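The values are calculated or read from the model by the stated rules, or taken from the named source; none is laboratory data. All figures in this text were calculated on a predicted structure; none of them were measured in a lab. Heads up, the Cβs are rebuilt from the backbone with ideal geometry, glycines too, and the neighbour counts pull from every protein chain shown. For the accessible areas, the whole protein counts, side chains as well, though only heavy atoms, and no ligand, DNA or RNA atoms are used. Shrake-Rupley method; radii C 1.70, N 1.55, O 1.52, S 1.80 Å.
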Amino acid sequence: MAASCSFRSVVRAPPLSRSRSLARSAVRCRSAATPGAGGAASTSKLVVEVKERLAREHPGLPTGRNGRDDDGMILWFLKDRKFSVDEAVSKLTKAIKWRQDFGVSELSEESVKGLYQTGKAYVHDSFDIYGRPVLVVVAAKHFPSTHDPVENEKLCAYLVEKAINRLPSGAENILGIFDLRGFRAENGDLQFLKFLIDVFYYYYPKRLGQVLFVDAPFVFQPMWQIVKPLLKSYASLVRFCDSETVRKEYFTEETVPPDFRS
């Protein structure tokens, strides 16, 4: 087994306490939901403006859920782009076109069964203590030399969709856990990590609340040094921790993922 290595010097900020974290989240939500003195009326006007521009400039984009006339999706991207209509239209166009070209709506457990059955990634049955769906990646079961990269991407998109669709009322983002126990050089996959970064930046913005890198071995450090600059502001969401931290700070005894039970 590879020796473990502490990365606390790389990522110094631990997560806030539950009460402080939820309080700050509430503040962010309130500020994001009111783009000026107009409040809800102003927000609705911006949603209509984006919808009309998408219909006029990109009539070929699909409609319906997660389409160019989905008010909820439009509002989410407006918040992400700080209510800039131009930026929201640009980012929405890219996201909706990707969903269409990638066939996201057609993905199912059956369509990704081959890799899903490896156990390399899954959506945990329970939420964490903050009420977030949990996406777990088991790095030691990922073999880029033998696994089809396109199938890896499909599994990723399917699981991200599944996690987000499980968001309870009032919750906005998910927890990602990378189980790095047993990680070796042959498990490293920079191409897939770049895809994953694009997924959360361009197609599911602000849906990732925090990322835990659990029990990272020393051999993971070169990979992290390459990936960290690519994450940009998202690097602040990463926390390196051990399995005990996962158990004690993010779950109860009843809800902790089986792989992390003592």
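Surface composition of segment 42-102: carbon and sulfur make up 49 percent of the accessible area, probe 1.4 Å.
Seen from all sides and averaged, what is the projected area of the convex hull of the Cα atoms in the chain, in nm²? Could the numbers behind the result be given before it?
Details: hull surface 58.5 nm².
Approximately 14.6 nm², given one-decimal rounding.
Taking label positions 7 Å along the Cα-Cβ direction at both Q117 and R56, the computed distance is 5.2 nm, reported to one decimal.
For the chain, the 222 nm mean residue ellipticity estimated from helices alone, with every DSSP H stretch of n ≥ 4 adding -39500 (n - 2.57) and the total spread over all residues, rounds to -13500 deg cm²/dmol.
Only loop residues by DSSP count here, and only those with at most 15 other Cβ atoms within 10 Å; note down the trypsin sites (Lys or Arg not before Pro) in segment 143-185 that meet that. Show your work: numbers first, answer last.
On the way: sites: K154, K162, R166, R181, R184; in loops: R166, R181, R184.
Here the sparse-neighbourhood loop sites are R184.
Using r as the Cβ-Cβ distance of A41 and K94, and R0 as 22 Å, what FRET efficiency do you calculate, to the nearest 0.05? Let's see the in-between values first.
Working: r = 28 Å, r/R0 = 1.29.
Rounded to the nearest 0.05, the efficiency is 0.20.
Pair-distance distribution P(r) for segment 171-235, from all Cα-Cα distances in 5 Å bins starting at 0: 4, 15, 27, 28, 17, 9, 2, 0 percent.
Helix 85-102 and the long axis of the chain differ in direction by around 60°, with both axes built from C-alpha atoms.
For segment 107-260, taking the reciprocal of the average inverse distance between every pair of different Cα atoms yields a Kirkwood hydrodynamic radius of 15.8 Å. Relative to the dominant Cα principal axis of the chain, helix 221-231 is inclined by about 10°. Legend: distances between Cα atoms for K91/K206; K113/K141; K154/K206; K51/K94; pairs beyond 18 Å are K154/K206.
A Förster radius of 22 Å, combined with the Cβ-Cβ distance separating Q225 from S145, puts the computed FRET efficiency at roughly 0.50.
By how many degrees, between 0 and 90 and to the nearest 10, does the Cα long axis of helix 39-57 differ from the longest principal axis of the chain? The answer is roughly 90 degrees. Checking the cross-link filter: which aspartates and glutamates have an alpha carbon closer than 13 Å to that of K120, excluding same-chain neighbours under 8 positions apart? Hits, sequence-local ones excluded: E151, E153, D179, D259. Label positions at D101 and K82, each projected 7 Å from the Cα along the C-beta direction, are separated by 2.8 nm. On a per residue basis, the chain carries 52 Å² of accessible surface, using protein heavy atoms and a 1.4 Å probe.
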